[in-house]
Amino acid sequence: MAGSVGSEDGDIGFQIAPMVDVVFVLMLFFMASAGSQVTENELNISLPSGAKATADSTAKTPIIIDISPEGQVVANNQAFGTPTDKNLLTLRDWLKATQGFGGEDPVIIRPNSETRHERIIDVLNACAAAGIKNLTFS
């Protein structure tokens, strides 16, 4: 009898039901992830052509506005206003005059890492009042 008890507790064989469950879960995972893939033809990207530039397309000259830690605003190596001037009227008028010719010249704002955020907002307000549309930070 001792031999028969040992054979009942021994190897029960390979169970197929848990393996089928795992296969179904993997299949479900791969089917769900395959539906979320984006194909390249759905992206609306217009690539530049290899055509040469015409005489009408002029290179845009960026206007670089530097802001010192003290709040002094310098645009294209010309100082505008004082560090306490909130409105920056001279910068605003100068930006309006420069944008009057082309209107699409990019404006790059380069604040110092220690510049107060309040002063950066003053410069952004001056750019908005001048109608700047192409603005970036560096």
Quiz prompt | Net charge of Cβ neighbours under 14 Å - reference residue 86; Lys, Arg +1; Asp, Glu -1 | solution = 0
Quiz prompt | Protection proxy ranking of 60-68, 17-25, 106-114 - average other beta-carbon atoms within 10 Å, highest first | solution = 60-68, 106-114, 17-25
Quiz item: If amide H atoms are built 1.01 Å from N in the plane of the peptide, which residues on other chains or at least 5 residues away come under 5 Å of the amide H of residue 134?
Solution: 107
Quiz item: Given the Cα-Cα distance of residue 124 and residue 79 and 0.36 nm per residue of separation, how much length would full extension add, in nm?
Solution: 14.6 nm
Quiz item: Residue-wise, which Karplus ³J(HN,Hα) couplings in Hz belong to the range 86-98, taking 6.51 cos²θ - 1.76 cosθ + 1.60, θ = phi - 60°, and x for glycine or proline?
Solution: 6, 7, 6, 5, 5, 5, 4, 5, 5, 5, 4, 5, 6
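Any read-out appearing in this document is the output of simple, stated calculations on the displayed coordinates, not a laboratory observation. Every value quoted in this text rests on a predicted model; they were computed, and no experiment measured them. In this analysis, Cβ positions are derived from the backbone assuming ideal geometry, glycine residues included, and neighbour counts consider all displayed protein chains.
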